[in-house]
Each structure stands twice: as C-alpha cells, then as structure tokens.
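Report on the structure given below.
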Amino acid sequence: MILAAGLGTRLRPLTDDRPKALVQINGRTLLEIALARLRAFGIVEVIINAHHFADKLADYLKANDDFGMKIEVSREDVLLDTGGGLKKAAHFFLAGNPQSEDPILVHNVDVISAIDLARMAQVHTTNKALATLAVQDRETSRYLLFDEHLHLCGRRIGRDAPFEMVRPSRQVEPLAFSGIHIVSPRLFKMLTEDGAFSIITSYLRLAGQGETILGFRADEYYWRDLGRPDDLKQAAQDLK
C-alpha cells in the first residue's frame, strides 16, 4: 500500500493544484518513483489511498496504464491518517483469501530510499512479526523506543521528553521511523481503533499487549523524506 492521501501542506505551492504524489523530481512523479521501487522487488498489486485531488491521481494512473501493475485507489472523503487509511484498505488484501499470511508492504509516497525491502521482508517473516518498521538512528521530533532485540516498547516525543513505555525494558534505544513498514494480514483483526488514527498508536497498543512489533535497522541505506521543496531539490541531486 502506498500512503498518498495527505494534503502535502509542507510542499506548497507545488501541491496547490495537485496531490503530493504527482509532484515531480527530475521529470518523474513521487508516485512513479515509489511504484518503480515496489516493482523492482516483485510487487505488482498495489492500493493507493487518495484524498487531496484524488481524481487527478486516478486519471494519472489511467493515462499510464497503471504502470503495468494491478492498482486500486482507496478514496478517503475525510482524511483517515495512516492507521485509518490502512484499515479502510483491508478488503484489497483479504479479498478471495481471508486467511492469507502474505506480508504487506506499506510505503509513504513522500519517502525515497534504497532500503533492501526483500531483506526487510525476510526479517519480518523469520521473526513471525505482526509488523516490522524500518528505523534509523537520526534526528526526529518523534522517537520510537526499542529494546536490545529491536522489539517496540515505547516512544518519546521530542529529544528531551520523558519515555512513554508500553512494555518494560531495562535498556531502550530511540530510533526514527522511516515511513516504510511491513505488516501481517493478522493486523487487520486487531485494529480496534476507528475513524482517523495513526498506525503508530495501534503499534504501541499492540506491543504493550505482547505482540511482536519489530524494528528493522536501516542506517546503512540511503533515505530521504520529501516533505519540503528543499528536500525535493536535494533528492534531485542525489538521484543524478
């Protein structure tokens, strides 16, 4: 699933007349770049959530024959945030096989990286995790806390804020979430939150209940958030 429903306010004025998914870097849209990354790892079935200029996103996909993939657009009349958006898309992953155990990759459209998604999926499957989050040791305003086994055990909002623990741990490491995660279809039955909610809220609740929410260390890989125009300029240089 590609999360692309946000308003893209940090990218204005580029998003005044288009969704952030259709903002371009070196002549390619963020959506095209994300889809190419998924296709390179053998992913051919994708659902994309949309809200801001949803019709333009749908028309763009149609004009490009869905880039040779099976793509569905999940329209959100009201923004549902990352958790609500994923929950609304459950039908796409469970249709025809409600007992499927195939892992699901969730990827923010405004993130570009060289993270090895196949390796990440292997870690997820080997550990029978409910969710596996790509994380890095970098500056952020919101940290997730992991124990020595990379199990999620809390969060910290701000560098100097107190730890908010959901499960006990003698030692924790604050890491930054990258906007790329892999989830088991089992997650959908456990999403008891309704309406608009952050998936991180669900992960913290489930980690506190003993579910395996893992971190995947992605420090060695290139990664960039594309939330601001300056980030787009830097990414354009990086891609060259």
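The values are calculated or read from the model by the stated rules, or taken from the named source; none is laboratory data. Keep in mind the model is a prediction, meaning the values are calculated, not measured. Every residue, glycine as well, gets a Cβ built from its backbone with ideal geometry; the counts of neighbours run over all protein chains shown. What goes into the accessible areas is simple: the full protein's heavy atoms, side chains included, and nothing from ligands, DNA or RNA. Shrake-Rupley method; radii C 1.70, N 1.55, O 1.52, S 1.80 Å.
What pairs from 88/240; 62/88; 20/88; 56/189; 20/189; 128/240 go past 28 Å between their alpha carbons? Before the final figure, lay out each step's value.
Values: 88/240 37 Å; 62/88 22 Å; 20/88 21 Å; 56/189 32 Å; 20/189 30 Å; 128/240 38 Å.
In this structure, 88/240; 56/189; 20/189; 128/240 lie more than 28 Å apart at Cα.
List the residues, sorted by chain then number, that are 5 or more residues from residue 74 or on another chain and whose placed amide H is less than 5 Å from its amide H.
Amide H to amide H, under 5 Å and 5 or more residues apart or across chains, residue 74 pairs with 48, 49, 50.
Quickly estimate the mean residue ellipticity at 222 nm for the chain, helices only: each DSSP H run with n ≥ 4 gives -39500 (n - 2.57), and the total goes over all residues, rounded to 500.
On the way: 8 runs with 69 residues, N = 240.
Computed mean residue ellipticity for the chain: -8000 deg cm²/dmol.
Specify the angular offset, from 0 to 90 degrees and rounded to the nearest 10, of the alpha carbon long axis of helix 117-126 from the longest principal axis of the alpha carbons in the chain.
Approximately 40 degrees, to the nearest 10.
Could you state the principal axis extents of the C-alpha atoms in segment 1-107, from the largest down, to the nearest angstrom?
44, 30, 20
Per residue of segment 35-51, what does 6.51 cos²θ - 1.76 cosθ + 1.60 with θ = phi - 60° give for ³J(HN,Hα)? Whole Hz please, x for Gly and Pro, Karplus curve as stated.
5, 5, 4, 5, 4, 5, 9, x, 8, 10, 10, 9, 10, 10, 8, 9, 8
Just the number, please: carbon plus sulfur as a percent of the accessible area of segment 1-97, 1.4 Å probe, no ligands or DNA/RNA counted.
Details: 2330 of 4620 Å².
The value for segment 1-97 is 50 percent carbon and sulfur by accessible area.
Excluding ligands, DNA and RNA, what is the solvent-accessible area per residue of segment 1-116 at a probe of 1.4 Å, expressed in Å²?
Details: 5390 Å² over 116 residues.
On a per-residue basis, segment 1-116 sits at 46 Å².
Could you give each residue of segment 167-181 its phi-based ³J(HN,Hα) in whole Hz, using Karplus coefficients 6.51, -1.76, 1.60 with θ = phi - 60°, and x for Gly or Pro?
Along segment 167-181, the couplings run 8, x, 7, 6, 9, 10, 10, x, 10, 9, 6, 9, x, 10, 8 Hz.
Under 1.5 on a/c is rounded, so check that first for segment 122-198, then, if it is not, pick prolate when a/b is larger than b/c and oblate when it is not; a ≥ b ≥ c are the square roots of the alpha carbon gyration tensor eigenvalues.
Working: a/c = 1.66, a/b = 1.33, b/c = 1.25.
Prolate shape, in that a/c is at least 1.5 and a/b is the bigger ratio.
Place a label point 7 angstrom from the Cα of residue 198 along the Cα-to-Cβ direction, then list the residues of segment 109-145 whose backbone nitrogen is under 13 Å away.
140-145
Could you derive backbone 3J(HN,Hα) for segment 199-205 from the dihedral phi with the Karplus parameters 6.51, -1.76 and 1.60 (θ = phi - 60°), listing whole Hz in sequence and x where the residue is Gly or Pro?
Values per residue, Gly and Pro as x: 5, 5, 4, 5, 4, 5, 4 Hz.
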